[in-house]
Amino acid sequence: MSERCAVVGVGQTHHVKVRDDVSLAGLLREASIRALEDAELDWKDIDSVVIGTAPDSFEGVMMPELYLADALGASGKPIMRVHTAGSVGGSTAIVASHLIQSGVRERVLTVAFEKQSEGDTTWGLSGGRSGGVGAGGYFAPHIRAYIARSKAPEYVGWMVAVKDRLNALKNPYAHLRVEDISLEMVRDSPMVWEPVRRLESCPASDGACAMVLTNEKGGDAASKPPAWVHGTAMRSELGQFPGRDPVNPKGGQDCAADVYAQAGITNPREEIDAVECYVPFSWYEPMWMENLGFADLGKGWTLTEDGVTALDGDLPVNASGGVLSSNPIGASGMLRFAEAALQVRGLAGEHQVEDVRTALGHAYGGASQFFAMWILRAAKP
Amino acid sequence: MSEQGDVIKFMPQVISLDYIVRTAPVNAEFGRNMQAGRVTGHKCPQCARVYVPPKGFCPICVVETSKADEVPVTDRGVVTSWTVLTPIQYHGQNEREDYALASILLDGASGTIGQQRLLDVPLPEIRMGMRVEAVWAPEDKRNEDDGRGWGFGSAITGFKPTGEPDAGPEIYEEHQL
Amino acid sequence: MRDVAIVSFAQAPSLAAVDKTETQMLYPVITSAIERSGLGRKDIGFTCSGSADYLAGAPFAFVSNLEATGAWPPISESHVEMDGAFALYEAWVRLQHGDVDVALVFSSGVSSRGNLREILCLQNDPYYLMPLWADHVSLAALQARALLDAGLAKESDLSEVAARARRNGQANPNAQVSGDVTADELLSEPYLVAPLRPSDCPPVSDGAAAVILVAGERARDVCERPAWIRGIDHRVDPHYPGVRDLSTSASAALAAANAGVADAPIEVAELAAAFSHEELILRDALGLGDDVDVNPSGGALVANPMMVSGLIRIGEAFRQINEKGKQRTLGHATSGPCLQQNLVCVLEADS
C-alpha cells in the first residue's frame, strides 16, 4: 500500500573531539555532500530536508533548521527538525522515510549532527545547574542492576569495549582509535560513574551523518546497490513510574517486535546478519541483546563472551565501532541507521561484515524511553 | 587578542538567560509540607499508586490528583540502586569530590525518588537494600521553592544509613531506577 | 493520498503567565481533544508533538510532556522542536502509510518564563547574526519598514489590522488582548520599535493545544462535520534577512500554491501573523482577496503562545467548518525571523 523506500546515499564526517575548521553549517554540508556524491545526485535533486539534533542548548542555537536552511540547499523546500532526545538520529531517518513511503516526497536529504565543541554538553545536560550527573551517571545504576540480575562476570563490559575499539580501527570515520587496546587497559582505566570505567564510555564528538532516501524508481535507477527499508518503528514510554523496568524497557521490546513483524522476521538471532545498536556504555550491548530478542533474559552477556557479536562472529554488533567510538550525540542514532545501510549495500569497506542481507539499525534516548529502529535489506520488500 | 598572522578559531560567547518558573500549586503544596518536615505524596484514586513528589495526575491512569489525594509518606526507605560520581567540571558545577547518588524507595511510596545524596557512609559500603533515613536541613535552611520538582530540593540534604538489617531483593528488585 | 480530517480540537486559555507546569497545562487539553473526538486513547496509532526547550528553560523539556498522553503501555510517538502545526504535518504524512488511522497532535509553550526578545535571538545564525542580539521584534520592524518603503502599505494599514484583531478578540475567550478600539486610537501610540507600535506586536502568552486526526471514512463515523485536509505544504526562505525581499514572503506563496489555496474560494483564513504587517504580507502571498474573513479569532495578535500559535490557527480554521458551517478554510503557521518558514493547511467540509 505504501511506496518503497531506498537508501541510496550515505555520508558522514570524520568524528573528532573538536572540528575547529568548519562552522556548524560546514559540518552538515560535509556529511551532506558525501551523501549526495554517494547517491550520484545534486542539491537540486533533493525535494525536502529533515534534520535532527539533540537539545538546542548543546550548541546554543535555538531551532537550528532556520539557520541551516541555506547551507542545506533548503530555500524553497520544506525543512523539518526532529527532536526525540538521544534516539533523534534514528527517528529523524524514520521521519524522512515516512515522506518517501507516503508518496509525498521523492528524494529526501536527512542529516543529524552535534558540534559538541561549540557548547558544553555536561552543562547542557544539567540544565545549567550544579550536580548534573551526565548521561553516564544516570545509566550507571541501571547497569549495576543488570549485572546483579544476570550475574554476568565483570569482564564482559571490558570485552565489549575492546571489540568496539578494535572495530573502530577499521572505520576511517571513527573518533576514538586506541591502537593497543586490551582488556587490561579497559580494566585499569579510571572509574567514572561506578561501575562504568572511562574506556567503557563513549567520547564527546563533533560530527554529522547524512543519508539520501528515495522511492522505488530512484532506488532502481541508482548505480550503486541501495538499502531497502523493510520496516521502521518508534516507541516512547514514560521515563519514570512505580515499577518501571529501565533495564529491559517495554518500549524497546515493543519497538523491536513491531519492526520485526513488518520485516517478516520471527527469529532475529538467525535472520539478522548485522546489528548497529546504540551502545554508549559497554554494558548496553548485553542489555540490548536481550531487549531486542537476540538472547534470553539474563543471557545477553553470553553472546559477547562467546564472540558471537565480534566482527568475525555469527552476529556482528557495531562493526563500525559504535557509539563507544564516536558520539556526536544528535548524529549517533543516524550513524547506526546509516552503518546498517552501508552493511547491506556492501559499502562498509574494512569493517564490512561478510554476506549481509538483513541489518538492524537501533537508537535509544532519554531515560531509556525513546526507541527508533529500522530493518534494511539488500533485496526489495 | 591574537598576534598578527594568527588565525582566530574560536570566539567565546557566554550567553546568560534568566528564567522565572512559577511553582505549580501541587509542587508548592509539596514544598510547604517539606518545609514543615513532612514528606507527602498523591495516591491515584484509580490504581492506588503513591507518587512522591506528586505530579497532580497519575501518568498511568491519566487521571488528575489533588490535595484530596494527599497521603503522608515516611522519610525512611531502602536504597534500590546507586552510582558513585566523579564530578565533571563545567560552568556552574560546584561539586569537586566523588560522591554517591542513590535511588531511594521510601516506605509508603510506590516508586523511587532518584539522585539522592548518600551521607555518612563510606562509598564501598553502599549496597542495594540498605535501609536509610532522611537527613533534614535545619528549618531556616529549607527553601520551599527549591528544586522545582527535582526531588526534595533543599529540605532534605541527603540520606544516611539507619543501621537496620538490609531489605531483601523482593523489596528492591522491582525498583531499580 | 489518503484523505485525513481533523475531528476535534482543544486549547488551553492563553495566559500571560501560567502557574502550572507545561505538562499540567497539556493534560486537560489532550484529554479534552480525545473526549471530543469520540475515540479512546487506545485508538490512537501515532502521536506527534511540538515544543521548544529554550522557552521552557530546560533541555529535554518535552520528555515530561509525555506524561500527559498516557504513554503506558508504550506508544508510537515522535516530536519536533517546532510549532505544533509542523507536528500536525508529520502526523498527516504518517497517516498516509495506511497502517494506522488515528493520530494525536499537541503542542505547548511557556513564553512567560524568560525574556522572549532575548531568547529568540538564539534562533539566528550563531556566528554572524546572534552576536548582534537582533531580537525578533527589531527584525519584524525591519520587515515592516521594508513593506512601508515599498509603498505596499501605510502605518494606518498596520493599525487597522491591529484594531480589527482586538475587536475580533472580544468574542474569543482564549484571547489575552482584546478591546473595542479604532485604528486611529492605536495609531496615536508611540512606537515600540519604529515603525511598530505596541499594538502591532503580539502579547507574550503561555498556552497549549491538541488536535485529533482521523484518516478515511472513520472520520465521518466519529465526527458530524470533520474538516478534511485538502492540501498541506510548508516551505522555508533563506535565513538571512538581508538576502531576501522582506516586503514579500516567497515561502508562504510557494506553500500556498502547493497546498492548492487558489483551487477554490477560501471563506476564512487564520494566519499566524504575530505582527500586524505580517498579516498584510501573508494576505498578498496567499492570494487572499478582500472577501476572505481573516483571523475572526483575533489571530496571533490577541494571543501568541509560541510553538502553539500555528496549531491554534489550524484548530480555529477547523472550528469554522465544524462549528460555524463554513465550507473551505485555511490555517497558517510560521517560524523564524521575518516569516522565514511558512506552513499552509487548506481544510474543506464534506460537500
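The values are calculated or read from the model by the stated rules, or taken from the named source; none is laboratory data. The shown structure was predicted, so the numbers you read here are calculated from the model rather than taken from an experiment. A quick note on method: Cβ atoms are made from the backbone with ideal geometry, for glycine too, and the neighbour counts reach across all protein chains shown. Note: accessible area is taken over every heavy atom of the protein model, side chains too, but ligands, DNA and RNA are not part of it. Shrake-Rupley method; radii C 1.70, N 1.55, O 1.52, S 1.80 Å.
Taken over the stretch B:85-114, the residue count meeting the criterion of being closer than 18 Å to A:Gly131 by Cα, open to solvent by 50 Å² or more (accessible area, probe 1.4 Å) and more than 8 Å from every other protein chain (Cβ to nearest Cβ) is 4. The set of residues in the stretch C:15-45 being more than 10 Å from chain B (Cβ to nearest Cβ) and not in a helix (DSSP H, G or I) consists of C:Leu15, C:Ala16, C:Gly38, C:Leu39, C:Gly40, C:Ile44, C:Gly45.
Suppose we filter A:Asp188, A:Asp254 for residues that are more than 14 Å from chain B (Cβ to nearest Cβ), touching a strand residue (DSSP E or B) at 6+ places or on another chain (Cβ under 6 Å) and open to solvent by 10 Å² or more (accessible area, probe 1.4 Å); which single one remains? That would be A:Asp254, the only listed residue that is more than 14 Å from chain B (Cβ to nearest Cβ), touching a strand residue (DSSP E or B) at 6+ places or on another chain (Cβ under 6 Å) and open to solvent by 10 Å² or more (accessible area, probe 1.4 Å). Out of everything in the stretch B:16-44 that is facing another protein chain (nearest Cβ under 7 Å) and open to solvent by 50 Å² or more (accessible area, probe 1.4 Å), what residue ends up being modelled with the lowest pLDDT? Filtering the stretch B:16-44 for residues that are facing another protein chain (nearest Cβ under 7 Å) and open to solvent by 50 Å² or more (accessible area, probe 1.4 Å), the one modelled with the lowest pLDDT comes out as B:Arg22.
In the set (1) closer than 28 Å to A:His14 by Cα; (2) open to solvent by 10 Å² or more (accessible area, probe 1.4 Å), A:Val323 fails one condition alone, (2).
Take the stretch C:139-189 and flag every residue that is open to solvent by 20 Å² or more (accessible area, probe 1.4 Å) and either in contact with a Lys or Arg (Cβ under 8 Å, 6 or more places away or on another chain) or on the phi > 0 side of the Ramachandran plot (or both). Residues satisfying the conditions are C:Leu148, C:Gly151, C:Val177, C:Ser178, C:Asp180, C:Val181, C:Leu187, C:Glu189.
Sub-8 Å Cβ pairs linking a first residue in the stretch C:82-99 that is under 12 Å from C:Ser49 (Cβ atoms) to a second residue that is among the polar types (S, T, N, Q) and assigned to a helix (DSSP H, G or I), at least 6 apart or interchain, are C:Asp83/C:Ser309, ordered by first then second residue. Open to solvent by 20 Å² or more (accessible area, probe 1.4 Å) and among the charged types (D, E, K, R): is that true of A:Glu118 in this structure? For A:Glu118, the condition - open to solvent by 20 Å² or more (accessible area, probe 1.4 Å) and among the charged types (D, E, K, R) - is met. If you go through the stretch C:195-203 one residue at a time, do you hit one that is open to solvent by 50 Å² or more (accessible area, probe 1.4 Å) and either of a type in the set (A, V, I, L, M, F, W, C) or in contact (Cβ under 8 Å) with a residue 24 or more places away in the chain (or both)? No; the residues of the stretch C:195-203 include none that is open to solvent by 50 Å² or more (accessible area, probe 1.4 Å) and either of a type in the set (A, V, I, L, M, F, W, C) or in contact (Cβ under 8 Å) with a residue 24 or more places away in the chain (or both). For the residues B:Cys47, B:Cys61, the requirement of being within 11 Å of another protein chain (Cβ to nearest Cβ), among the hydrophobic types (A, V, I, L, M, F, W, C), surrounded by fewer than 18 Cβ atoms within 10 Å (Cβ to Cβ) and touching a Lys or Arg at 6+ places or on another chain (Cβ under 9 Å) singles out B:Cys61.
Apart from one condition, A:Val162 fits all of (1) touching a His at 6+ places or on another chain (Cβ under 8 Å); (2) open to solvent by 10 Å² or more (accessible area, probe 1.4 Å); (3) of a type in the set (A, V, I, L, M, F, W, C); the exception is (1).
Residues are listed down the side, and each one gets a yes or a no for (1) in a loop (DSSP other than H, G, I, E, B); (2) among the aliphatic types (A, V, I, L, M); (3) open to solvent by 10 Å² or more (accessible area, probe 1.4 Å); (4) within 14 Å of chain C (Cβ to nearest Cβ):
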residue	(1), (2), (3), (4)
A:His14	yes, no, yes, no
A:Ala25	no, yes, yes, yes
A:Asp38	no, no, yes, no
A:Lys44	no, no, yes, no
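Among the candidates C:Ser49, C:Ser107, the residue that is in contact with a Leu (Cβ under 8 Å, 6 or more places away or on another chain) and within 28 Å of C:Pro202 (Cβ to Cβ) is uniquely C:Ser107.
Against the numbered list (1) in contact with a Phe, Trp or Tyr (Cβ under 8 Å, 6 or more places away or on another chain); (2) under 22 Å from C:Val18 (Cα atoms); (3) in contact (Cβ under 8 Å) with a residue 12 or more places away in the chain, B:Ser110 comes up short only at (2).
Residue count for the stretch A:217-249, restricted to those that are more than 14 Å from chain B (Cβ to nearest Cβ), within 20 Å of the chain's Cα centre (by Cα) and either assigned to a loop (DSSP other than H, G, I, E, B) or closer than 20 Å to A:Glu290 by Cβ (or both): 3.
A single entry from C:Arg235, C:Arg220 fulfils the requirement of being within 30 Å of C:Val29 (Cβ to Cβ), open to solvent by 20 Å² or more (accessible area, probe 1.4 Å) and within 21 Å of the chain's Cα centre (by Cα): C:Arg235.
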